[in-house]
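**Q** Let me give you the structure first, and then I'll get to my questions.
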Amino acid sequence: MGSRTYAQELDALIIGAGFSGVYQLKRLRDEGYSAKIVEAGDNYGGVWYWNRYPGARVDSHAPHYQFSDPELWKDFHWSQRFPDHVELRRYFEHVAEKWDLRKDTYFNTFVTSAVWDEAAQKWIVTAKDGRVFRATFFLPHTGIAASRAFPDWKGRDRFRGVQLHSSFWPHAEPDWKGKRIAVIGTGSTGVQMSHALSEGAGELVVFQRTPALPLRMRQVDYGAGEEPVAKEELGDFFRRRGEGPWGFDFGLLPRRTFDDDGAARRATLEALWRAGDFTYWIGNYSDTLFDLAANREVYDFWRDKTRARLHDERLRRLLAPQDPPYPFGCKRVPLEQGYFEMFNQPNVHLVDVNETPVVEITEAGIRTTEKEWEFDIIILATGFDAVTGGLTQIDIRGVGGETVREKFARDGPTTYYGLSVAGFPNMFFSYGPQSPSAFCNGPTCAELQGEWIVGIINHVRDAGLASVVPDEASERAWAAQVNAIAESTLIPRAKSWYMGDGIPGKRRASLMFLGGLTNYMTELKSCAAEGYTGFRFEIPKVQTASA
Ligand code: FAD
């Protein structure tokens, strides 16, 4: 590489100051490594730094969505069962202070490339501002939402009003009260945001392609001294969280839908529905995500509950159709706090873009085949190039110079354990493709995967090795297992970002390991216990002059 000076020479360079990156920094420093985080934003929080739109809040109920370190939870108080983005950033401030993170974080630093230097057995990582880092381990904890998706509608640059993407929400809250607002998209973000905006907007028009099938959130406020779980029980709670199938302290019921007779089944569904949060989804009968007849029972119950909340037959048809638009729970299930009642308000309208497709964006608003709607603000709640986009938008070059982007385009999103990629030595990530990620509570995954990554890095160090990389055959076997499990479920029957849908040119494949966190962790632990099966290790090459 010739002689070159680096902004930093490190054991590990971590991308991302969300749950995954922050946990990784803390644990690697504990083990004596030199490590730094580089982060595109100007503070901690990851998705909660970026997603600060009205109504943005986490759907993992307290106290799940936090780290398990007693140093952190012993004096932190959550004010709500489902904390909002403001509280989550307050939490990250607390973490940054307690774990003394700031001295090892570079903010406003977007990584554009990472190249494996085979001779030096190191990564050369370059930021947009030209700074170059060299590190033995490259840990791109870029998350599932680092690359935003935009609709390819004609005329998007023509609109004279304000146009926003939900995930690039301005730090200074835009003045939206009393304004005419369009929200494009009805995923979790669209559902949260529309409801929040409906309370002050002059007129709100929601553009829907596919109905969301959201569940009641059942928010709870906690006063001073009130805790969702008593502090003295939290240690035990976090252990149970890590043993649950989804990173929560609950899982699917231990019986199938038709094990119960009709009356018992209705009583069970009613109780699950009343509980709020994700219980009705991933705490339901064990076969609901596997068996169409079982899934239909769950859908029909949800549909009837929902229809009763809507005043208009057209709204019922579009928002809670008689037949399921896709199997229930096979797209991310949003949580809502009045989403359906909102459509009964006179200032809220629903446009079904299947009935009246968008023709173009105009100077004044959006023209559909029916009419031109005029707006002051258009908000794109159109999501992300989810899960893989954070990795593929960086020019990551491994052995032989192939990029992750090229490899995923050729083979689909193949990884080993959702943590590493063949051909890319000393590179590990959490919450990535083919791991439980979106089917796992975020902080649970950040800790469990982060800890495993620390283990393999320690193994390299303690054995005097220089690099580790998964072999192609093991990676293929993992990808095949991930896809086989997905095919045994109903998930592929819906078009969703879980399957890579909606992004032009993206290969359709399961981006999730759907076998549950418990089985996933069993695999990871046995891989480590058997000396990291499926990985190849290299000893240091003869030292060349410092590169
Ligand atoms: P992130 O929090 O996404 O952090 C990644 C960081 O990497 C970002 O700050 C980003 O700026 C940075 N980054 C990426 N690429 C680069 C680059 N090239 N250079 C520099 N920096 C870069 N999970 C749940 O468990 N429950 C929920 O209810 C829930 N709700 C969610 C709601 C939304 C709107 C979104 C988008 C996600 C939600 N998630 C939820 C998933 C969430 O991603 C995880 O809970 C958790 O945030 C993952 O943390 P992370 O550190 O892996 O990734």
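The values are calculated or read from the model by the stated rules, or taken from the named source; none is laboratory data. None of the values given here were measured: they were computed from a predicted structure. Note that each Cβ is placed from the backbone with ideal geometry, even for glycine, and that neighbours are counted across all protein chains shown. The protein model used for the area step is the full one, side chains on, heavy atoms only, and it has no ligands, DNA or RNA in it. Shrake-Rupley method; radii C 1.70, N 1.55, O 1.52, S 1.80 Å.
**Q** Per residue, how much accessible area does segment 401-473 show when a 1.4 Å probe rolls over the protein heavy atoms, in square angstrom?
**A** Normalised by residue count, the accessible surface of segment 401-473 is 23 Å².
**Q** For segment 52-102, what is the convex hull volume of the alpha-carbon atoms per residue, in Å³?
**A** Value for segment 52-102: 73 Å³ per residue.
**Q** I would also like to ask the following. In what order, largest first, do HIS165, HIS349 sit by accessible area if the probe radius is 1.4 Å?
**A** HIS349, HIS165
**Q** Report the convex hull volume per residue for segment 86-140, counting only C-alpha atoms, in Å³.
**A** 102
**Q** Which order do SER437, SER474 take when ranked by solvent-accessible area (1.4 Å probe, heavy atoms of all protein chains), largest first?
**A** SER474, SER437
**Q** Find the Rg to Rh ratio for segment 313-441, where Rh is the Kirkwood radius over alpha-carbon pairs and Rg uses the same atoms.
**A** 1.10
**Q** Provide the per residue accessible area, probe 1.4 Å, for segment 257-346, rounded to a whole number of square angstrom.
**A** 40
**Q** Here's something else I'd like to know. If you project the alpha carbons of the chain onto their three principal axes, what span does each projection cover, largest first, in Å?
**A** Over the chain, Cα extents along the principal axes are 75, 57, 49 Å.
**Q** Find the centroid of the Cα atoms in segment 432-454 and in segment 502-541, then give the distance between the two in whole Å.
**A** 11
**Q** Take the Cα atoms of segment 372-446, find their three principal axes, and give me the spread along each one in whole Å, biggest first.
**A** 52, 32, 17
**Q** Give me the one-decimal nm value for the distance between modelled label points at GLU243 and ARG274, 7 Å along each residue's Cα-to-Cβ direction.
**A** Distance between label points: 2.9 nm.
**Q** Using alpha carbons only, how many degrees (0 to 90, rounded to 10) separate the axis of helix 234-243 from the longest principal axis of the chain?
**A** Here the helix axis deviates by roughly 90 degrees.
**Q** Hey, can you grab everything whose amide H is under 5 Å from the amide H of ARG148? Only 5+ residues off in sequence or another chain; H modelled, so Pro and N-termini drop out.
**A** Here the answer is ASP385, since their amide H atoms fall under 5 Å of that of ARG148.
**Q** Between HIS311 and TYR6, what length comes free when the chain is fully extended (0.36 nm per residue of separation minus the Cα-Cα distance, one decimal in nm)?
**A** 103.4 nm
**Q** Go through HIS77, HIS311 and list them by solvent-accessible area, largest first, probe radius 1.4 Å.
**A** HIS311, HIS77
**Q** Bin width 10 Å, origin at 0, all Cα-Cα pairs of segment 296-366: what percent of pairs per bin?
**A** 16, 43, 31, 9, 1
**Q** Which value, in debye to the nearest 20, gives the size of the charge dipole of segment 66-120 about its Cα centre, when Lys and Arg are +1 and Asp and Glu are -1 at the Cβ?
**A** 280
**Q** If you roll a 1.4 Å probe over segment 263-403 with all protein chains in place, what percent of the accessible area is carbon or sulfur?
**A** Here it works out to 49 percent.
**Q** Further question: Just how large is the dipole of segment 411-547 about the Cα centre, in debye to the nearest 20, putting +1 at every Lys and Arg Cβ and -1 at every Asp and Glu Cβ?
**A** In total the dipole reaches around 380 debye.
**Q** How large is the convex hull of the C-alpha atoms of segment 197-237 per residue, in Å³?
**A** Normalising the Cα hull of segment 197-237 by residue number yields 138 Å³.
**Q** Extending each Cα 7 Å along its Cβ direction at SER488 and LYS154, get the distance between those two points in nm, one decimal.
**A** The modelled label-to-label distance comes out at 4.9 nm.
**Q** To continue, here is another question. Using Cβ-Cβ distances only, list the Cys residues of the chain with no partner cysteine under 4.7 Å, sorted by number.
**A** So, CYS330, CYS527.
**Q** Using modelled backbone amide H atoms (1.01 Å from N, in-plane), which distant-in-sequence or interchain residues come within less than 5 Å of SER435's amide H?
**A** The answer is PHE513.
**Q** Which value, in Å² rounded to 10, gives the accessible area of ASP104 with a 1.4 Å probe and all protein chains present?
**A** About 20 Å², ignoring ligands and nucleic acids.
**Q** Further question: Enumerate the whole-percent occupancy of each 10 Å bin, from 0 to the last occupied one, for all C-alpha pair distances of segment 45-165.
**A** Reading upward from the zero bin: 10, 28, 29, 23, 9, 0.
**Q** Using θ = phi - 60° and the Karplus relation 6.51 cos²θ - 1.76 cosθ + 1.60, list the HN-Hα couplings for segment 195-204 in order, rounded to whole Hz, with x at every Gly or Pro.
**A** 3J(HN,Hα) across segment 195-204, in whole Hz: 4, 5, 6, 4, 7, x, 5, x, 9, 10.
**Q** Taking a quarter of the surface of the Cα convex hull of segment 425-535, what do you get in nm²?
**A** 7.5
**Q** So if I take the alpha carbon set of segment 30-69, get Rg, then get Rh from the Kirkwood formula, what is the Rg over Rh ratio?
**A** Dividing the radius of gyration by the Kirkwood radius yields 1.07.
**Q** Once every Cα of segment 271-319 carries one equal point scatterer and solvent is ignored, give the base-10 log of I(q)/I(0) from the Debye formula at q = 0.13, 0.17 Å⁻¹, two decimals.
**A** Values returned for q = 0.13, 0.17 Å⁻¹ are -0.35, -0.57.
**Q** With a 1.4 Å probe and every protein chain left in place, tell me how much accessible area VAL58 has, in Å² to the nearest 10.
**A** Only protein atoms counted, so the area is about 10 Å².
**Q** What spacing in nm lies between the two simple spin-label points modelled at MET521 and ASP261, each 7 Å away from Cα in the Cβ direction?
**A** 3.9
**Q** Another question about this same structure. Quick query: amide H of GLU360 versus all other amide H atoms, modeled in the peptide plane; which residues come in under 5 Å with a sequence gap of 5 or more or a different chain?
**A** Those qualifying (amide H under 5 Å, at least 5 residues apart or on another chain) are ARG367.
**Q** Could you tell me which of rounded, prolate or oblate describes segment 168-236, using a ≥ b ≥ c as the square roots of the eigenvalues of the alpha-carbon gyration tensor, with rounded for a/c under 1.5 and, failing that, prolate when a/b is larger than b/c and oblate otherwise?
**A** Because a/c hits 1.5 or more and a/b exceeds b/c, segment 168-236 counts as prolate.
**Q** Same structure, new question: For segment 1-94, what are Rg and Dmax over the alpha carbons, in angstrom?
**A** 16.0, 55
**Q** Give the distance, in whole Å, between the Cα centre of segment 131-201 and the Cα centre of segment 72-129.
**A** One Cα centre to the other: 21 Å.
**Q** How much accessible area does ARG507 have with a 1.4 Å probe, in Å² rounded to the nearest 10?
**A** Counting only protein heavy atoms, ARG507 exposes about 110 Å² to solvent.
**Q** Taking the Cα centroid of segment 1-48 and of segment 210-233, what is the distance between the two, rounded to the nearest whole Å?
**A** After rounding, the separation between the Cα centres reads 32 Å.
**Q** Here's a follow-up. Under a Cβ-only charge scheme (Lys and Arg +1, Asp and Glu -1), can you give me the dipole magnitude of segment 340-380 about the Cα centre, in debye to the nearest 20?
**A** Charge dipole of segment 340-380: 40 debye, to the nearest 20.
**Q** Average the reciprocal distances over every distinct pair of alpha-carbons in segment 159-280, invert the result, and give the Kirkwood radius in Å.
**A** After inverting the pairwise mean of 1/r, the radius is 18.6 Å.
**Q** Restricted to Cα positions, what overall size does segment 212-302 have along the principal axes? Three whole-Å values, descending.
**A** 44, 26, 26
**Q** Give me the percent of the accessible area of segment 11-122 that comes from carbon and sulfur atoms, probe 1.4 Å, all protein chains in place.
**A** Ligands and nucleic acids excluded, carbon and sulfur give 49 percent.
**Q** Per residue of segment 252-269, in order, report the coupling 6.51 cos²θ - 1.76 cosθ + 1.60 (Karplus, θ = phi - 60°) as ³J(HN,Hα) in whole Hz, putting x for Gly and Pro.
**A** 5, 5, x, 8, 8, 3, 8, 5, 9, 6, x, 5, 5, 5, 4, 5, 5, 4
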